[in-house]
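Colleague: Take this structure first; my questions come after.
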Amino acid sequence: AQDVLRQSQKLEVIGQLTGGVAHDFNNLLTVIKSSTDLLKRPDLAEARRGRYIEAISDTVDRAAKLTNQLLAFARRQTLQPKVFAACDSVRVLSEMLGTLTGSRIRVVTEVPENDCFVNADPNQFDTALVNMAVNARDAMEGEGQLTVRVRAVERMPPVRAHPAVDGPFVAVSISDTGIGMTPETLGRIFEPFFTTKAVGQGTGLGLSQVFGFAKQSQGEVVVESVVGQGTTFTLYLPRVGSAIQAPERGEPTPVVDGH
Ligand code: ADP
């Protein structure tokens, strides 16, 4: 539980960081743009021209440094998949969701006792669930019901023009009774930096993480939403059959090929 909290705090920091970087980057572009505009003036003194060019060059260096920092950060987020009991993680997480959502949101959890081993990065799994839960909370504006449901399924429904895929999968759903999404919003939610939230409230990175994690784990994320009624996000992850003896949590295992 501590880990998850730390993870969600880290995520908030990342959000602020990325938002901050984008803001700084825009400021640098403004400096470059105004300097080039000034350079276009025909009556410009030679000394000034030199200074403007210098300013542009410095600013480009600073911008490059910023993007390098972002790239270094992105590279740190490599997945470390292993076989773990997703149901256990969901149970632990659900208990914490109350503090995240506040007392006027009811948290309902439906988690089966067995059939719950998946091969994925457990930290990224927790992060994905927290990201979806934060969105569910925000969509309900303080009141409603958040349902966390885990099922063992044999097939995945058709998604984004792909036919149904045979599993087996573990399906983890986060449902809310919130505002729902219009088709326009639905079409863009997985884009990095897409947000409908106020400046400082949303980063537009939460669902990009969920999407990236699902894809890299040979899984999927499916969304159903009705404006004014609510939204369900379902994360499908390849299930490790119950016949297979799952190793202890913490022991790394190789990635299973996608099927
Ligand atoms: P952020 O939460 O920072 O905006 P996300 O990538 O997590 O970034 O979400 C992108 C957008 O998707 C949100 O701004 C919101 O418009 C929409 N969204 C995500 N989850 C939900 C939900 N459960 N209900 C309604 N809208 C949602």
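Colleague: Would you mind checking which residues have amide H under 5 Å from GLY167's amide H? H placed 1.01 Å from N; only 5 or more apart, or other chain.
Modeller: Answer set, sorted by chain and number: ARG155, MET156.
Colleague: Follow-up question, since we're still on this one. When Lys and Arg each count +1 and Asp and Glu each count -1, what net charge do the other residues less than 14 Å away from ASP176, Cβ to Cβ, add up to?
Modeller: Working: positive: ARG104, ARG106, ARG137, ARG149; negative: ASP138, GLU141, GLU143, GLU224.
That sum, taken over residues with Cβ under 14 Å, equals 0.
Colleague: Between ALA64 and HIS23, what is the label-point separation in nm under the 7 Å Cα-to-beta-carbon projection?
Modeller: The two pseudo-label positions are separated by 2.7 nm.
Colleague: Moving on. Just to be sure I understand the model, the point goes 7 Å from the Cα along the line to the Cβ. What's the resulting ARG91 to VAL226 distance in nm?
Modeller: Reported label-point gap for ARG91 and VAL226 is 3.3 nm.
Colleague: Right, next: Among all the lysines, which ones have a C-alpha under 29 Å from LYS215's C-alpha, if same-chain residues fewer than 8 places away are not counted?
Modeller: Within the straight-line limit of under 29 Å, LYS215 reaches these lysines: LYS10, LYS82, LYS197.
Here, each number is a calculation from the coordinates, and none is a lab measurement. Quick caveat: nothing in here was measured; it's all calculated off a predicted structure. Because the Cβ atoms are built from the backbone with ideal geometry, glycine has one as well, and the counts that use them run over all protein chains shown.
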